[in-house]
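The values are calculated or read from the model by the stated rules, or taken from the named source; none is laboratory data. Only a predicted model underlies this, so the values are computations on that prediction, with no experimental measurement involved. When we count neighbours, we look across all protein chains shown, and the Cβ atoms used for this are built from the backbone with ideal geometry, even at glycine. The protein model used for the area step is the full one, side chains on, heavy atoms only, and it has no ligands, DNA or RNA in it. Shrake-Rupley method; radii C 1.70, N 1.55, O 1.52, S 1.80 Å.
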Amino acid sequence: VQLQASGGGLVQAGGSLRLSCAASGRSFSNRVTGWFRQAPGKERIFVAAISGDSTVYADSVRGRFTISRDNDKNTVYLQMNSLKPDDTAVYYCAARGAGITVVNRSKSQWSFWGQGTLVTVSS
């Protein structure tokens, strides 16, 4: 599975952005797919994930971010609303291995990673 993240950019606080994660490879629609982010000087942390019809969010983004997928386009999206300066980070999409249906917030449990897209939120 190869993942390509896009959609990052510069936005003012309170604004919105939509990130896309386009995937190639078979069986992508069945894979748990998610987003992580890494702020400068900090660890890469879990943001959101989708498994089938179920979604999981970090507490810091719940109610502001929405993850969704379009299986026809082999793409997962992260709609980010009410952005804050603390949301500034490089955002990475990731996918778990085949046959896994459980979301895991630990980055070490994810097998495939995209290249990252930078989101900068100005105050």
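Taking the stated definitions as given, is Gln115 free of Cβ contacts under 8 Å to residues at least 24 places away in the same chain and open to solvent by 40 Å² or more (accessible area, probe 1.4 Å)?
Against the criterion (free of Cβ contacts under 8 Å to residues at least 24 places away in the same chain and open to solvent by 40 Å² or more (accessible area, probe 1.4 Å)), Gln115 does not qualify.
From the list Gln79, Gln38, exactly one residue is under 12 Å from the mean Cα position of the chain (by Cα), surrounded by fewer than 20 Cβ atoms within 10 Å (Cβ to Cβ) and farther than 20 Å from Trp110 by Cβ. Which is it?
Of the residues listed, the single one that is under 12 Å from the mean Cα position of the chain (by Cα), surrounded by fewer than 20 Cβ atoms within 10 Å (Cβ to Cβ) and farther than 20 Å from Trp110 by Cβ is Gln79.
Which one of these is basic (Lys, Arg) and more than 15 Å from Val119 (Cβ to Cβ): Arg64, Arg26? Full working, then the answer.
On the way: Arg64 fails: more than 15 Å from Val119 (Cβ to Cβ).
That would be Arg26, the only listed residue that is basic (Lys, Arg) and more than 15 Å from Val119 (Cβ to Cβ).
Taking the stated definitions as given, is Phe46 over 15 Å from Gly8 (Cβ atoms), assigned to a strand (DSSP E or B) and open to solvent by less than 40 Å² (accessible area, probe 1.4 Å)?
yes
Could you grab the pairs with beta carbons closer than 6 Å, sequence gap of 6+ or different chains, first residue in segment 62-77 and at pLDDT 95 or above and of a type in the set (D, E, K, R), second one assigned to a loop (DSSP other than H, G, I, E, B) and open to solvent by 50 Å² or more (accessible area, probe 1.4 Å)?
Arg64/Asn81; Arg64/Ser82
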